[in-house]
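Down below is the structure, laid out as structure tokens.
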Amino acid sequence: MRLLTTACLTALLTISACKAKTASDTPAKAQSESLQTAGVTEGTILKASPMEWVTHGGNYAEQRHSKLNDITVETVKELGLAFSYDLGTSRGIEATPIVHDGIMYVTSTWNIVTALDAKTGAELWVWEPEIDKKQAANACCDVVNRGVAIWGDKVFTATIDGRLVALDRKTGAVVWDVLTIDKSKPYTMTGAPRVVKGKVIIGNGGAELGVRGYVGAFDVDTGEQIWRFYTVPGNPADGFESDTMKMAAETWTGEFWAAGGGGTVWDSMAYDAELDLLYVGVGNGSPWNQAIRSPEGGDNLFLSSIVAVRPDTGEYVWHYQTTPGETWDYTATQHMILADLEIEGATRKVIMQAPKNGFFYVIDRETGEFISGENFVPVNWATHIDKETGRPVETAEARYQGKDPFLQLPGPLGAHNWHPMSYSPDTGLVYIPAQEAPWVYQEMENYKQEGGAAWNTGTNFIYGMLPTDKATFRALRSMLKGRLLAWDPVAQKPAWTFEHGGPWNGGILSTAGNLVFQGTADAHFAAYNAKTGERLWRNFTQTGIVAAPISYAIDGEQYIAVASGWGGSYALGFGGVLPTGSAAKVGRVLVYKVGGTATLPDIQMAEYTAPTPPKSTATEAVIKAGAVHYANRCGACHGDQAYSMGLVPNLRASAAISDADLWNDILLGGALAENGMPNFANNLTQEQSESIREYVIFEANSDRTKDFYESVSRPK
């Protein structure tokens, strides 16, 4: 049991007369005037002026590469902070800023949208929506948001409680606000919208909790839904929405619809205007365990797939499934990039993805044909991808149903998670925020489908019961790795790597200055030589970075911008027991330029002083039961071993652990539901609630304090 739970921890653990040099021959001033006259339209995004950053991935191909080259390997050492803007939190800062017409748009926790002067950082307007914070109970991975989209005179944002909202780009006033989900089901929305051909495209999250995935298109002017494409079939007794869903249903068995099926489109998209194809990445199954979800097997389309559809109608064109019969939370919602590559003497139009399962895929984006796929981190669930079929060749132990526990690489955190990668046409390399985080999979006994805040994985999902000796803890910490990986997509092999202190580092930007930029969990932002991987410049940011940087130019100066704040699921679950040196609640927009002289305000790293906890008289059995219930209800937000990094309340210091009535008012009565604290009345009995309280008291009395965690687990 110790081995199992130990490995489980490891896993979860303006542009006016711009004169900046570019790699483009188009006059900057003419580009600028055209952009300002036309506003943000299809043509603007297709031209993808390097002076601005007008869509989530920099252009429709989502390459996240800037053609600006004023900041180079020679000048990057002179980079300094131009300005910063305080977002007031570090929790859930995952947004890619958008810059157009001298204005920057960025989102933060609870879907707050801020418009800034992109040259000075002056606040222009702030929109703070009225959010149904009870929906936080449905967020598997925190109340995050990855940014906005712009089109014409509007800014579009998706909220955690399932709304798509259009704001006036100049004032922040609401133009329209539409609900896109069934609120009786545990849907959420965390992704950045895309706008294609006058349609706002957005998907949703919630697969862990039991929903049916889909992606939808909405009219930019009215918010009216134009089409919806379901990614998994519904109950056959209700009929199918299309022949595509009928075809997909043939790859499922049993009452797969009872738990929703999953397949949520919660992040990545890309668009090819020439082929007129919209590509969406599809998520994991619900529950994870396929033996429960689809007991007689099957590929379970379109889980863990790249799906191409027509943006006008949502009509299905083709799909490629990275993980048939997905059973490990191996989503294919990770960043997708379009490029034209020279392969075996011919130019191929490709789409590239490095999903959670650890293989890097090069797929023909016209047809969905598999071209190549090799593992970019160590994997043990499959030996290789069959070149004829494009299917993984699984190892015998990988499917854990009814068998012994299996220690697997990658785990559900993935070899690459949502953090965006980048492709440089100059070097021909893809730059990936790669990581190693293993996990022990084992079938959950006596599984039952639960709604609300339940984790419907069908696998053991245990945060607690960690080792208490430092040697074992150090060994566990050494298994968690993170790196910046430069990958050759044609040769399918690494060009170079730069090792970080651990996983959950930021997204990537490459530039024509032969540079790659990335923020890291250990509270730094750095630049690397794009050809060699040499680190050329590094800046302390006070808190870690998970978001991806951008670049833009104003009045002849190139800027690099990134949103800081080490939040999200990994930080909430393990930021306390696996400290990185990140401060809480100091997330910011950080903007750099050559010769920048601004400084960050001094901060005092929070010192956790635990109050004297109550003593427990509970039996060992009660405490162990509480550890399991805590793992499945509380650990994802309040941290493993009931120890958090300060983004949410540290339960060891809560007054409620000394007052059983107050504790039950919160857990079972919903006393703090309006603050985002779930009400577990439908998922916990009073006896189970009390066992969780006793477990927290047990941890509060342990010798695993702040000093213990920092002495054994902080990266060097």
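Between ALA671 and THR532, the modelled labels are 6.1 nm apart [label points 7 Å from Cα along Cα→Cβ]. Computing percent of Cα pairs over 49 Å apart for the structure here picks out one of [x] 17; [y] 9; [z] 14, namely [y]. Going by Cα centres, region 320-381 and region 161-227 are how many Å apart? Region 320-381 and region 161-227 have Cα centres spaced 27 Å from each other.
Partner aspartates and glutamates whose Cα lies under 13 Å from the Cα of LYS134, excluding those fewer than 8 positions away in the same chain, are identified as ASP142, ASP161, GLU674. Comparing Cα centroids, region 385-417 and region 640-658 end up 35 angstrom apart.
Test of the criteria: in region 93-132, which GluC sites (Glu not before Pro) are in a DSSP loop and have at most 16 other Cβ atoms within 10 angstrom of their Cβ?
Working: sites: GLU94, GLU123, GLU130; in loops: GLU94, GLU130.
Those satisfying the criteria are GLU130.
Reported to the nearest whole Å, the Cα centre-to-centre distance from region 74-113 to region 492-541 is 18.
Between LYS615 and SER658, the simple label model (points 7 Å from Cα in the Cβ direction) yields a spacing of 1.5 nm. Legend: residue pairs LYS154/LYS481; LYS154/LYS531; LYS119/LYS493; LYS531/LYS593; LYS119/LYS154, Cα-Cα distance threshold 32 Å; pairs beyond threshold, LYS154/LYS481; LYS154/LYS531; LYS119/LYS493.
What are the equivalent ellipsoid semi-axes of region 189-318, built from the alpha-carbon gyration tensor (square roots of five times its eigenvalues), in whole angstrom, biggest first? Display every interim value, and only then the final one.
Details: eigenvalues 130, 42, 34 Å².
Taking √(5λ) for each eigenvalue gives 26, 15, 13 Å, largest first.
Take each peptide in 415-426, 288-299, count the other Cβ atoms within 10 Å of every residue, and average; sorted highest first, the result is 415-426, 288-299.
Each value in this text was obtained by applying a stated rule to the coordinates, not by laboratory testing. Note that the structure is predicted; figures quoted are calculated from it, not measured. All Cβ positions, glycine included, derive from the backbone under ideal geometry; neighbour counts span all protein chains shown.
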